[in-house]
Every structure is written in C-alpha cells, then in structure tokens.
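Here the structure is laid out as structure tokens; the discussion comes afterwards.
The numbers here are math on the coordinates, done by the rules we state, and not lab data. All values derive from a computational prediction rather than experimental measurement. Quick reminder, even Gly has a Cβ in these numbers, built from the backbone with ideal geometry, and neighbours come from all protein chains shown.
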Amino acid sequence: MQKIIITGALGQIGTELVLNLRKKYGNENVLATDIREPEQGSEILDGPFEILDVTDKDKLFELVKDFKADTMMHMAALLSATAEKNPLFAWELNMGGLVNALEAAREYQMQFFTPSSIGAFGPTTPKDMTPQETIQRPTSMYGVNKVAGELLCDYYHTKFGVDTRSMRFPGLISYIKEPGGGTTDYAVEIYFKAIREGKYNSYIAKDTYMDMMFMDDAIKSIIQLMEADGSKLIHRNAYNVSAMSVDPETIKESIQKLMPEFELGYDVDPERQAIADSWPNSIDTTCAKEEWGFSPQYNLDSMTELMLNAIKEKDK
Ligand code: AKB
C-alpha cells in the first residue's frame, strides 16, 4: 500500500481509517472521498479530498487514474437499519458501488479492501460461536448485499486475480465519529448518553447478544490484513472478527463499575430488534487468528473506560 483511495471516508470507519493511514503513509498518499463535503475545519481536509458518488463509475475511474492509486478501500455503503427502510436504493448503492470499485481495482491493478459484516449471517446460521464457513441465508437487504459482496470479491480474485481482502465486522465502538443507521449503534449511543445524561433507553432488548469491537482494533486489523502474506489467506472474503459478545445489560454493568449511578431502560424498536435477532450471538474468529494473526487489544472493560474518558474530554 503506497497510494490509497478510500470511498465513504466520512463514515464511522472511513473517518478513523483515513486519519490512521495518513499517519502511517503520509497525508498526500491517502485520497479521501465521500458523497458529501466534510465539515469546515475537519481533519479530513488536512490531506486530499474529492467528492465521489460511488455509483458514478466514470468519476471513480478518473480519480483512481489521476491519483495513481495502488490500493482501494471501499467503505461507502448503507448500514443495516437504513438499508431496510429503502431496500432498492440499498441494492443500487451497496452493490452498484461495490462492482464499480472492483472494476476499478481490476482495471488499475489495485489491492482491494471492503468490509463485510455479521449481517452476512441469518436466522438459520448457528447462533453461538458461528463458524467461518457456515449457512449464510440473511433476511435483511444489508445481509443480502454483504453475502453477494463476499461472493463477488471472491469472484474477482479467482477470475481476474484481484487481491481482494475483507472481514465480517461486528458492531464497531468509537468516540471520534458516531455511526448512523446500524443495528449495533446502541452500543455506541449508550456511552454518549451515559456521560451526557447519566441514563440510556436501549432500542435493543435485554438478552440480545451481538459481537462488538473497539474501532482502534478494527483499524489495526484492516492494516494487518492488507499487509498479510496473501499466500496464507485461505478465507480472504471475508474473515470473522470480533472482540466481545455483549447484550445491553453487559455493557450497563461495565459502565456501572465506573459510574454506579448510570441507569439503563428499554424502548425496543421492533425493526432493529428483528435484524438483531437474525444475527449470531457470537462468532468464531479462529481463521483470522491463524491466517493473519488477528489479535484485538481491547476487552469490554478496557474499552468502556476509554470510551467514557474520551467522551468526557470531547465534551469539555
Ligand atoms: C450495522 O449494525 O448495520 C453494522 C454492522 C454490524 O454491520 N454496524
């Protein structure tokens, strides 16, 4: 990786990915793109930025060519809850954008990364310690997009020799950029509300377990996977990765260790709950560990401490 183009650079993952890659490879070597302008004064503007709608193939090709990119990180997509509200648009954006990005990777011989998700699993998938290779019959549009995306990335690798790599992200927890439109977003909101209001009403029910991971671990994992020896990657599209399996009560207990006064209530949203119910309780990350050394640093309590302190700092 020397010249990297990132789509969806203003999203939850994209924002931190751009900042980290620029630290490592130099500001001028990481081109951030998004469908909208960054806010004035945003750190994203410390390096190159271009407006890009990923369904516009010509513009995408032109940017890759002019920047002489050797790596594409395609992050632009609608998340699960938003995709469910407008499934046809989600298909056009998530699949149309992906195929354009893969075509650019093929044409300009770029290494390629795009995230998959625990959303690629469905209600008939084994729920606990979900294996790397298993039944994938998701019931959400987002899940359909993710499974099709995994297959398409495999196809571009075997058919055209594109160096595609991916992982199935769990809910990602961060304080720099809040997520939007996901099912796992409650696990970020809970920390912000804990600091700002001392209480939170969860739209996900008690006893609904899902995998989560701190954003720093996600970013490190992306770089680690991209730098890994390609000949060792058996399951390149896409690896199960996770750092913890939690329900809202587990996070509450972790917060209460530092803020005993914190209160958690429930106001369950049936749409997002239905998506969560169709996803695994926990996934098995053995293949990622064995094939490229996946090793997350944060557990629930260390992440909770960092999140609460960072949000407090941010609000000062
Ligand atoms: C979502 O909830 O849609 C995402 C995901 C797990 O892919 N955070």
| note | Helix 96-107: inclination vs the chain longest Cα principal axis, degrees, rounded to 10, gives 40
| query | Under the definition of Cα pairs under 8 Å and six or more residues apart, what whole-number percent is the relative contact order of the chain? | reply | 18
| message | Under the √(5λ) rule applied to the eigenvalues of the Cα gyration tensor, what semi-axes describe the equivalent ellipsoid of the stretch 258-301? Give them in Å, descending. | response | 30, 21, 6
| remark: With Cα coordinates, the longest principal axis of the chain makes an angle with the long axis of helix 248-258, in degrees rounded to 10, of 70
| query | Restricting to the chain, what percent of DSSP beta bridges are antiparallel, rounded to 5? | reply | 10
| query | At q = 0.09, 0.10, 0.11, 0.16 Å⁻¹, what log₁₀ I(q)/I(0) does a Debye calculation on the Cα points of the chain give, no solvent, two decimals? | reply | -0.43, -0.53, -0.65, -1.42
| task | Have a look at the stretch 213-266 and give its Rg and Dmax from the Cα atoms, expressed in angstrom. | result | 17.0, 52
| query | Can you give the percent of C-alpha pairs in the stretch 22-72 whose distance is more than 15 Å? | reply | 47
| note | CD proxy, 222 nm, the chain: helix-only mean residue ellipticity via -39,500 (n - 2.57) per DSSP H run with n ≥ 4, per residue, nearest 500, stands at -13000 deg cm²/dmol
| task | Pull out the extension gain between Gln109 and Glu261, defined as 0.36 nm times the separation in residues minus the alpha carbon to alpha carbon distance; nm, one decimal. | result | 49.2 nm
| remark: Burial-style ranking of 109-118, 36-45, 221-230, 274-283, average other-beta-carbon count within 10 Å with highest first, yields 109-118, 274-283, 221-230, 36-45
| task | Check each of the GluC sites (Glu not before Pro) in the stretch 122-219 and keep only those in coil by DSSP with at most 14 other C-beta atoms within 10 angstrom; list them in order. | result | Glu133
| query | Highest GNM mean-square fluctuation, the chain, Cα pairs closer than 10 Å: which of Gly122, Gly198, Gly97? | reply | Gly198
| Quarter of the Cα convex hull surface for the stretch 1-92, i.e. its orientation-mean projected area (nm²) | 6.0
| message | If I model a spin label at Ile135 and Asn299 as a point 7 Å from the Cα along the Cα→Cβ vector, what separation in nanometres do I get? | response | 3.3
| Over the stretch 236-316, relative contact order from alpha-carbon pairs under 8 Å, at least 6 apart, % | 49
| said: Please report, in whole Å³, the volume per residue of the convex hull around the C-alpha atoms of the stretch 198-316. | reply: 122
| said: Nearest 10 degrees is fine. How inclined is helix 215-227 to the longest principal axis of the chain, computing both from alpha carbons? | reply: 30
